[in-house]
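Asks: Can you read through this structure? Questions will come right after.
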Amino acid sequence: MARSPLHLTIVAAAVIAAGLLAPVSGTFAQDTESRMSGLALSGDEPIQIESDLLQINEETSQATFTGNVKVVQGDTLLQAGEMIVNYTNDGGGSVSSGTADIREIELYKKVFIQSGTQTATADTGNFNMLDEVLVLTGEKVVLTDADNIFIGCKLTVQMKNGQAKLDSCGRRVMIQLDPKSRPKQ
């Protein structure tokens, strides 16, 4: 089924923001591995993408958004300096007609994702649509949910099963949990 790259770009942003920052539990050492809940694809709301420039290159099957990239769907916001959408145009599909399939979305130059009280920041991001794997990397990848903070240098989320891993890259993963932020039962 062919999908519009703009639709899948927002779907990726929504997936990231919707489930990425669920509380992480388990033993914390050099790396933290846990299951992230709430990861679900949603495309029911209108999508708005803004950037200073959009270049579509059908020969290389890339759409490049540069300069103050802002993607909004519902209460989900994704910002980056640059976003490259790599797609396939097998069978004569094209990005401008919305008939191309997205393979990968690359994010560069400071990535910021926000949904409700949850945020994620990183230097770069990559969403492999075929393997359904999200990777955020940087000198300091910061995840927050209300007053809870998770800091590492590489976050890998397997979207199919919600499995997530926060790497330390030779340092230590840092986590600050606020007991007052736990849901009331």
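The values are calculated or read from the model by the stated rules, or taken from the named source; none is laboratory data. Predicted model, so just to flag it, every value in this text is computed and none were measured. Ideal geometry is used to build each Cβ from the backbone, glycine not excepted, and the neighbour counts take in all protein chains shown. Protein only, heavy atoms only, side chains kept; ligands, DNA and RNA dropped before computing areas. Shrake-Rupley method; radii C 1.70, N 1.55, O 1.52, S 1.80 Å.
Asks: Report, by residue number, each residue of the stretch 122-134 that is touching a residue at least 12 places away in the same chain (Cβ under 8 Å) and more than 14 Å from Lys110 (Cα to Cα).
Replies: Listed by number, the residues that qualify are Phe127, Asn128, Met129, Leu130, Glu132, Val133, Leu134.
Asks: Next question, about the same structure. For Glu132, which of the numbered conditions (1) out of contact with any Asp or Glu (no Cβ under 6 Å at 6 or more places or on another chain); (2) within 24 Å of Thr156 (Cβ to Cβ); (3) modelled with pLDDT of 95 or more; (4) open to solvent by 50 Å² or more (accessible area, probe 1.4 Å) fails to hold?
Replies: (3)
Asks: While we're on this one: Return the pair list, or none, for Cβ contacts closer than 6 Å from residues in the stretch 135-148 that are under 15 Å from Lys165 (Cβ atoms) to residues that are part of a strand (DSSP E or B) and among the β-branched types (Val, Ile, Thr), at least 6 apart or on different chains.
Replies: Taking only residues 6 or more apart or on different chains, the pairs are Val135/Thr156; Thr137/Thr124.
Asks: Moving to a separate point now. Which of the residues belonging to the stretch 162-185 are within 20 Å of Gln118 (Cβ to Cβ), touching a residue at least 24 places away in the same chain (Cβ under 8 Å), outside any strand (DSSP E or B) and not β-branched (Val, Ile, Thr)?
Replies: Gly162, Leu177, Asp178, Lys180, Ser181
Asks: May I pose another question? State all residues of the stretch 137-175 that are open to solvent by 30 Å² or more (accessible area, probe 1.4 Å), at pLDDT 85 or above and in contact with a helix residue (DSSP H, G or I) (Cβ under 8 Å, 6 or more places away or on another chain); if no residue qualifies, say none.
Replies: Hit for the stretch 137-175 is Asp147, nothing else.
Asks: Same structure, new question: State whether one or more residues within the stretch 85-94 are over 30 Å from Thr60 (Cα atoms) and at pLDDT 85 or above.
Replies: For the stretch 85-94, residues over 30 Å from Thr60 (Cα atoms) and at pLDDT 85 or above: absent.
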